[in-house]
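Remarks on the structure that follows.
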Amino acid sequence: MKHEITLIINGDTYRLAVEPWKTLNEVLREELNLTGTKLGCGTGDCGACTVLVDGKSVTSCLTLAVEVDGKEITTVEGLAPSGEELHPIQQAFVENGAIQCGFCTPGMELSALYLLKNNPNPSEREIREALSGNLCRCTGYYKIVEAIKSASRMMANKKKRR
Ligand code: FES
Ligand code: FES
């Protein structure tokens, strides 16, 4: 039997009827066509499916959609909602060459967002720890770490200008 749930995704409210076994990842990708969130391992090991739920990073492949009824979800599509201006984290990934195949990128960027919201000026060790649940098979991580350092500076400058 389907359950009625409400999800607030990137500021938009969605009312859906979902089977109790559907994961948040399946609902995002298959029902709402928000395919920026990737599905890699499906077992909580790679971090490609990372999204924020009420501000906390979670693996959407291990989260049932019914568990997040009424909660606020941020996906990579929410980083640049207008589609015109990139979020500083995305800009920094581009400028630092931190993207190769790009499969890990949405999850990396959401983990970076979670880190920088809670620790705006992280050390390299803190960045590496924050990314420990996100695997990248292409970049060797160095450029991703550099991108997050650069995003932290960009976000601090943006705040100063306000
Ligand atoms: S797809 Fe969710 S952790 Fe790999
Ligand atoms: S850029 Fe290919 S997996 Fe990270």
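The values are calculated or read from the model by the stated rules, or taken from the named source; none is laboratory data. Treat the numbers as computed from the prediction; the structure is a model and nothing was measured. Every residue, glycine as well, gets a Cβ built from its backbone with ideal geometry; the counts of neighbours run over all protein chains shown. Remember, those area values only see protein heavy atoms, side chains included, never the ligands or the DNA or RNA. Shrake-Rupley method; radii C 1.70, N 1.55, O 1.52, S 1.80 Å.
In the range 33-47, which residues are farther than 14 Å from Thr74 by Cα and within 13 Å of ligand 1 (Cβ to nearest atom)? I'd like the intermediate steps shown before the answer.
Let us first name the residues in the range 33-47 that are farther than 14 Å from Thr74 by Cα, namely 33, 39-47.
The answer is Leu39, Gly40, Cys41, Gly42, Thr43, Gly44, Asp45, Cys46, Gly47.
For every residue, the table says whether it meets (1) touching a strand residue (DSSP E or B) at 6+ places or on another chain (Cβ under 6 Å); (2) within 22 Å of Leu115 (Cβ to Cβ); (3) among the aromatic types (Phe, Trp, Tyr).
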site: Ile9; (1), (2), (3): yes, yes, no
site: Asn25; (1), (2), (3): no, yes, no
site: Leu28; (1), (2), (3): no, yes, no
site: Glu84; (1), (2), (3): no, no, no
site: Gln90; (1), (2), (3): no, yes, no
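Checking Thr105 against (1) more than 13 Å from ligand 1 (Cβ to nearest atom); (2) of a type in the set (S, T, N, Q); (3) open to solvent by 20 Å² or more (accessible area, probe 1.4 Å): exactly one of these is not met. Which one?
(3)
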